[in-house]
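**Student:** Submitted below is the structure of interest, expressed as structure tokens.
The values are calculated or read from the model by the stated rules, or taken from the named source; none is laboratory data. Everything numeric in this text was worked out from a predicted model, so none of it was measured. Glycine gets a Cβ as well: all are built from the backbone with ideal geometry, and neighbour counts include every protein chain shown.
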Amino acid sequence: MQINWNEIDTVLLDMDGTLLDRHFDDHFWLEHLPKRFAAKNGIALDAAKEKLYAMFRSQENTLNWTDLDYWSEQVGLDIPMLKLEIEHLIAVHPDVIEFLGFLRSSGKTVHLVTNAHGKTLSLKMKKTRLGPYFDEIISAHDLGLPKEEGAFWGELQKKIPYDPARTMLGEDSETNLRTADEYGIKHLIYISAPNSQLPPKPSERFISVRTFGELF
């Protein structure tokens, strides 16, 4: 598909599932952590999954969802240390490096805007070395609101001035795209294959691409 880049000054990009393969995160929270939790508590893996999944669901669409300190306290395990055990699964999606290079050479202002916790950001930026491509990296934890809340985009505008009508947002969350749309961000792109191990699922509402290579 074609994007009229002359209409865009600012590009906001999500991290997990959008720039990075969400396979790492899905595997960690759905498989790796339950195994460690089961071993620590002497319970069956299925019982550990049932308990943890219910805990995860209770914090959906809140900052706790991505707060590693919160989950370390809740499950009694050092979450950042456990993530290091499978850091080899952290991977950048195809075409991302080329896309970021294209944006920089085109003179766009590029911001990483993520719900991810600061400790997750540190791990993934160290592993992927994507940091230098961004004018600024912003965690929702810095603003005190998750992207699922419409007020987030106004708070973000106070931190990094942007014109919603001339801004593009790339996301793998339709909820976040919807709140951005309601705020007035005009150019909304949905990543339909956030986890490389699963088939793509295009959005029925937003322009969908498998990779950013389709945009330039």
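**Student:** Does the range 42-63 contain at least one residue that is among the β-branched types (Val, Ile, Thr), assigned to a helix (DSSP H, G or I) and on the phi < 0 side of the Ramachandran plot? Give the derivation first.
**Tutor:** At the first step, the residues of the range 42-63 found to be among the β-branched types (Val, Ile, Thr) are 43, 62.
Filter once more, so that each one left must be assigned to a helix (DSSP H, G or I): none.
Taking every residue of the range 42-63 in turn, none turns out to be among the β-branched types (Val, Ile, Thr), assigned to a helix (DSSP H, G or I) and on the phi < 0 side of the Ramachandran plot.
**Student:** Could you please let me know if LEU112 is in contact with a helix residue (DSSP H, G or I) (Cβ under 9 Å, 6 or more places away or on another chain) and closer than 13 Å to LEU12 by Cα?
**Tutor:** When the stated conditions are applied, LEU112 passes them.
**Student:** Quick check: is even one residue across the range 70-82 assigned to a helix (DSSP H, G or I), modelled with pLDDT of 95 or more and in contact with a His (Cβ under 6 Å, 6 or more places away or on another chain)?
**Tutor:** no
For every residue, the table says whether it meets (1) of a type in the set (D, E, K, R); (2) more than 24 Å from LYS201 (Cβ to Cβ); (3) in the same structural domain as ILE185 (by TED's automatic domain parsing); (4) in contact with a strand residue (DSSP E or B) (Cβ under 7 Å, 6 or more places away or on another chain).
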| site | (1), (2), (3), (4) |
| --- | --- |
| LYS51 | yes, yes, no, no |
| PHE56 | no, no, no, no |
| LEU68 | no, yes, no, no |
| GLY101 | no, yes, yes, no |
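**Student:** Separate question: Under 6 Å by Cβ, and 6 or more places apart or on different chains, what pairs join a residue from the range 93-116 that is closer than 12 Å to PHE216 by Cβ with one that is not aromatic (Phe, Trp, Tyr)?
**Tutor:** ASP95/THR211; ASP95/GLY213; VAL96/LEU19; LEU103/VAL11; LEU103/VAL110; LYS108/VAL11
**Student:** Does ASP14 satisfy the condition of being modelled with pLDDT of 95 or more, of a type in the set (Asp, Glu) and closer than 30 Å to TRP153 by Cβ?
**Tutor:** Working: modelled with pLDDT of 95 or more: yes; of a type in the set (Asp, Glu): yes; closer than 30 Å to TRP153 by Cβ: yes.
Yes.
**Student:** What are the pairs with Cβ atoms under 9 angstrom where one residue, in the range 156-168, is closer than 13 Å to ALA140 by Cα and the other, located anywhere, is exposed (fewer than 14 other Cβ atoms within 10 Å of the Cβ) and of a type in the set (Phe, Trp, Tyr)? Sequence gap at least six, or different chains.
**Tutor:** That search, which allows pairs on different chains as well, returns nothing.
**Student:** Residues being surrounded by 19 or more Cβ atoms within 10 Å (Cβ to Cβ), at negative phi and in a loop (DSSP other than H, G, I, E, B): count how many of those fall in the range 7-32.
**Tutor:** 7
**Student:** Considering only residues that are within 23 Å of the chain's Cα centre (by Cα) and polar (S, T, N, Q), look in the range 33-69 and name the one that is surrounded by the fewest Cβ atoms within 10 Å (Cβ to Cβ).
**Tutor:** In this case the residue turns out to be SER58.
**Student:** I need the full set of residues from the range 138-193 which are of a type in the set (A, V, I, L, M, F, W, C), buried (at least 17 other Cβ atoms within 10 Å of the Cβ) and within 23 Å of GLU7 (Cα to Cα), in order please.
**Tutor:** Residues satisfying the conditions are TRP153, LEU156, MET168, LEU169, LEU177, ALA180, ILE185, LEU188, ILE189, ILE191.
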